[in-house]
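Contents: one structure, followed by commentary.
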Amino acid sequence: MAELLVKAQEPWNNDLPNAPSERSRLGDIIVVRPDSHVWGNEECLPRFIVVKITNMTYDDAKHLEESLMVDDGLDEHGIMKRKMAKVRKWQVPQAYMLDAIHDGNSVVTITLTAQQQAFIQNLIEKTS
C-alpha cells in the first residue's frame, strides 16, 4: 500500500496579489510513503490528510511527489534549461478533499479496486 500526505488547506496568503506560485495548495500531494509509515502529530487535519491506497505500491506512487518543471530556454551550451514552475505536479481533486475535510477524516483509506482506479485516474496533473 502507498500512503500519500496531501495538503488540506490553501496557503494563508493565497489571495495576496503576487502570492508565490511555488506554495503547495489544497489537494497537492506533498510526500509519498510506504504502508504503515508513522506520521507525525502535525500530519493531520487541519493542515493535512493521509490517503492510503491499497493495491498500489510505494514504488508505483513515488512519482506523485514530483515538482512541475518547465523548459526555460537554452543555456550557453545549447542545452535546454529547466525550472520549477510549481512545487507540486500532482494533486487530488478538490471535491474529494473537501468531502474528506467536511467529514473530519485525517486518514482516508481507499480499499475498493474500482474506487482506487477512479481515484488514480482523477488525480490532476498541474500545468503551468
(request) Test residue 77 against the stated conditions and say whether it is over 22 Å from residue 122 (Cα atoms) and either modelled with pLDDT of 90 or more or in contact with a Gly (Cβ under 7 Å, 6 or more places away or on another chain) (or both). (result) yes
(request) Take the range 41-57 and flag every residue that is part of a loop (DSSP other than H, G, I, E, B), in contact (Cβ under 8 Å) with a residue 24 or more places away in the chain and farther than 12 Å from residue 97 by Cα. (result) 43, 44, 54, 55, 56, 57
(request) Search the range 112-128 for residues being in a loop (DSSP other than H, G, I, E, B) and either surrounded by 14 or more Cβ atoms within 10 Å (Cβ to Cβ) or at pLDDT below 75 (or both), and hand back the single one that is farthest from the chain's Cα centre (by Cα). (result) 112
(request) Kindly indicate the residue of the range 52-66 that is more than 10 Å from the chain's Cα centre (by Cα) and of a type outside the set (D, E, K, R) and also nearest to residue 90 (Cα to Cα) among those meeting that condition. (result) 63
(request) Restricting attention to the range 59-111, report how many residues are without any contact (Cβ under 8 Å) to a residue 24 or more places away in the chain, exposed (fewer than 13 other Cβ atoms within 10 Å of the Cβ) and part of a strand (DSSP E or B). (result) 8
(request) Scan the range 25-44 residue by residue and report those that are of a type in the set (Lys, Arg) and at pLDDT 95 or above. (result) 33
(message) Which numbered condition in (1) in contact (Cβ under 8 Å) with a residue 40 or more places away in the chain; (2) of a type in the set (Val, Ile, Thr); (3) farther than 18 Å from residue 123 by Cβ is the only one that residue 38 fails?
(response) (1)
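The values are calculated or read from the model by the stated rules, or taken from the named source; none is laboratory data. Bear in mind that the values here come from a model prediction, so they are computed numbers and not experimental data. Note that each Cβ is placed from the backbone with ideal geometry, even for glycine, and that neighbours are counted across all protein chains shown.
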